[in-house]
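Comments concern the structure below.
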Amino acid sequence: MGVNLTHQNRLISLLNMVSKFLPSYQEIELARQQAELARQQAELARKEAIPRLQALGLNVEQISNALNLSVQEVNEYLENC
């Protein structure tokens, strides 16, 4: 009986030590949300560059290639601004 309790305590102690190095669900969710926000900001920055590139004389295909957007995305942005 005493050996099992000692073994359990060692396992619990080991799990507690290991868990300190693992991210919590909240940390994982926060990192996911931050990554999504960064992705959205990068997409917005690319789309906001469309009128500037057009003003420099680039056509829709050139803009789409430069910003890694589809021609449809560029056209939709230009129609809505």
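The values are calculated or read from the model by the stated rules, or taken from the named source; none is laboratory data. None of the values given here were measured: they were computed from a predicted structure. Heads up, the Cβs are rebuilt from the backbone with ideal geometry, glycines too, and the neighbour counts pull from every protein chain shown.
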What's the total number of residues in segment 45-81 that are under 22 Å from the mean Cα position of the chain (by Cα) and among the hydrophobic types (A, V, I, L, M, F, W, C)?
5
Which pairs do you get when a residue that is part of a helix (DSSP H, G or I) and modelled with pLDDT of 95 or more, found in segment 36-56, comes within reach of a residue that is surrounded by 12 or more Cβ atoms within 10 Å (Cβ to Cβ) and β-branched (Val, Ile, Thr), reach meaning Cβ atoms under 7 angstrom, with the pair 6+ apart or on two chains?
Ile50/Ile63; Ile50/Val74; Leu53/Ile63; Gln54/Ile63
Unique match (being surrounded by 10 or more Cβ atoms within 10 Å (Cβ to Cβ) and among the small types (Gly, Ala, Ser)) among Ala55, Ala49
Ala49
